[in-house]
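Just below is one structure, and these are the notes that go with it.
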Amino acid sequence: MPDAATRVRNLSRWLSVLIALLVFVGDQVTKSLVEKSIAEYTVVPVLPGFFNLTHTKNTGVAFGIFSGSPAPWKTALLIVVSAALIAAVVSFIWRSRRVHWEAGVGLALVLGGASSNLVDRIRTGQVVDFLDFYWRGYHWPAFNLADSAIVVGAIFLVIQVIFSE
């Protein structure tokens, strides 16, 4: 029978898998709903002056970075880099003896978001973005739940690094 430390480590790993899976499924479901219910380039005001739902396709990375690049190898490079990063995160989670909860949650969020966007890139060469925030003349590029999970996960990792002993 495994000792207490092994049981905690295994529980932590499976919790990370569950968080990543929830992010993945949530992102795939919301993208599918947007594709089925909002015509591409349509803007649906939710909170006028602050937030819209929209339907755009992004061939770049998070928040539209590199989406205007016409390079024919861009999608292949994004797939390879994403797959390598996902493999590194999975390896780290599985091989680590002890991961602080902030790092575990952060890595799980990154894993779920990156996996969902990777599946979209492999399937169609692009991802669906639909969250559109703005205020007055300031407009943030549209993004999706996967992008949000990646950013929040990175914030958890930074918090863990800053406050770790």
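The values are calculated or read from the model by the stated rules, or taken from the named source; none is laboratory data. Quantities reported herein were computed from a predicted structural model and do not represent experimental measurements. Cβ: placed from backbone, ideal geometry, glycine included. Neighbour counts: every protein chain shown.
So, Val99, is that one at pLDDT 95 or above and hydrophobic (A, V, I, L, M, F, W, C) or not? Criteria not met by Val99.
Listed here are the residues, each with its yes/no results for (1) under 17 Å from Thr30 (Cβ atoms); (2) part of a helix (DSSP H, G or I); (3) at pLDDT 95 or above.
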| position | (1), (2), (3) |
| --- | --- |
| Gly68 | no, no, no |
| Leu85 | no, yes, no |
| Gly106 | no, yes, no |
| Phe133 | yes, no, yes |
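Taken over segment 88-118, the residue count meeting the criterion of being among the polar types (S, T, N, Q) and either under 17 Å from Ile162 (Cβ atoms) or in contact with a strand residue (DSSP E or B) (Cβ under 9 Å, 6 or more places away or on another chain) (or both) is 2.
The residue that is surrounded by the fewest Cβ atoms within 10 Å (Cβ to Cβ), counting only those in segment 115-143 that are touching a Ser or Thr at 6+ places or on another chain (Cβ under 6 Å) and among the aliphatic types (A, V, I, L, M), is Leu118.
Just one of Val80, Val90, Val119, Val99 is within 23 Å of Ala20 (Cα to Cα), under 13 Å from the mean Cα position of the chain (by Cα) and not small (Gly, Ala, Ser); which is it?
Values: Val80 fails: under 13 Å from the mean Cα position of the chain (by Cα); Val90 fails: under 13 Å from the mean Cα position of the chain (by Cα); Val99 fails: under 13 Å from the mean Cα position of the chain (by Cα).
Result: Val119 is the single residue among Val80, Val90, Val119, Val99 that is within 23 Å of Ala20 (Cα to Cα), under 13 Å from the mean Cα position of the chain (by Cα) and not small (Gly, Ala, Ser).
Every test in (1) more than 19 Å from Phe24 (Cα to Cα); (2) in a helix (DSSP H, G or I) is passed by Arg97 save one, and that test is (2).
Taking segment 93-114 as the range and being surrounded by fewer than 19 Cβ atoms within 10 Å (Cβ to Cβ) and touching a Ser or Thr at 6+ places or on another chain (Cβ under 6 Å) as the test, no residue passes.
Answer with yes or no whether Leu18 is in contact with a strand residue (DSSP E or B) (Cβ under 7 Å, 6 or more places away or on another chain) and either part of a helix (DSSP H, G or I) or modelled with pLDDT of 95 or more (or both).
No: the conditions fail for Leu18.
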